[in-house]
């Protein structure tokens, strides 16, 4: 304690043979030291919450066509579980989002194609099945697959005319 008093240049205690008494300067120092420790404790808690994603801001990039359904429900559930996190949604193209993630201007991006994000951490989130639905008047629908993915689809005899559609999806 004497080293602290020497450093501060003031006596924090009056020392007697029968004990000690806190000086006015000592009482003031003790009050402010307690407040500083409480602030430090609070800062630690806030930093920990922000580090765990329980507080702060989350910047999410989405492609507008993905803004409904499962993704909307996912973001809404996260928001309900973490009310101290301000969520900012940024709509744009996949290439823009990848660039913003690289620059750390987005925290996360939900994309349909992440082939250009080779230097980022990428994980598949879900797979959606896509169906073609046609009226019963269609006489023939054929699909060719390659590696389990739709490669080409031919649709013929739509009503009184023939419609041929070819769709390559990878």
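The values are calculated or read from the model by the stated rules, or taken from the named source; none is laboratory data. Here the structure is a predicted model, which means the values were calculated and not measured. Cβ: placed from backbone, ideal geometry, glycine included. Neighbour counts: every protein chain shown.
Tabulated values for the structure
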{"item": "Members of segment 2-51 found to be part of a loop (DSSP other than H, G, I, E, B) and at negative phi, listed by number", "result": "10, 11, 12, 17, 18, 23"}
{"item": "For residue 47: the one exception among (1) at pLDDT below 90; (2) in contact with a strand residue (DSSP E or B) (Cβ under 9 Å, 6 or more places away or on another chain); (3) not assigned by TED's automatic domain parsing to the domain that holds residue 91", "result": "(2)"}
{"item": "In segment 50-93, residue surrounded by the most Cβ atoms within 10 Å (Cβ to Cβ) [restricted to those that are under 14 Å from residue 125 (Cβ atoms) and in contact with a strand residue (DSSP E or B) (Cβ under 8 Å, 6 or more places away or on another chain)]", "result": "61"}
{"item": "In segment 52-68, the residues that are at pLDDT below 80 and closer than 13 Å to residue 84 by Cα", "result": "52, 53, 54, 55"}
{"item": "Set 111, 71, 100: member being modelled with pLDDT of 90 or more and on the phi < 0 side of the Ramachandran plot", "result": "100"}
{"item": "Checking residue 54 against (1) in a loop (DSSP other than H, G, I, E, B); (2) touching a helix residue (DSSP H, G or I) at 6+ places or on another chain (Cβ under 7 Å), the condition it does not meet", "result": "(2)"}
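Here is a yes/no grid of residues against (1) surrounded by 12 or more Cβ atoms within 10 Å (Cβ to Cβ); (2) outside the structural domain of residue 85 (by TED's automatic domain parsing); (3) under 44 Å from the mean Cα position of the chain (by Cα):
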| residue | (1), (2), (3) |
| --- | --- |
| 6 | no, yes, no |
| 10 | yes, yes, no |
| 13 | yes, yes, no |
| 18 | no, yes, no |
| 24 | no, yes, no |
| 31 | no, yes, yes |
| 41 | no, yes, yes |
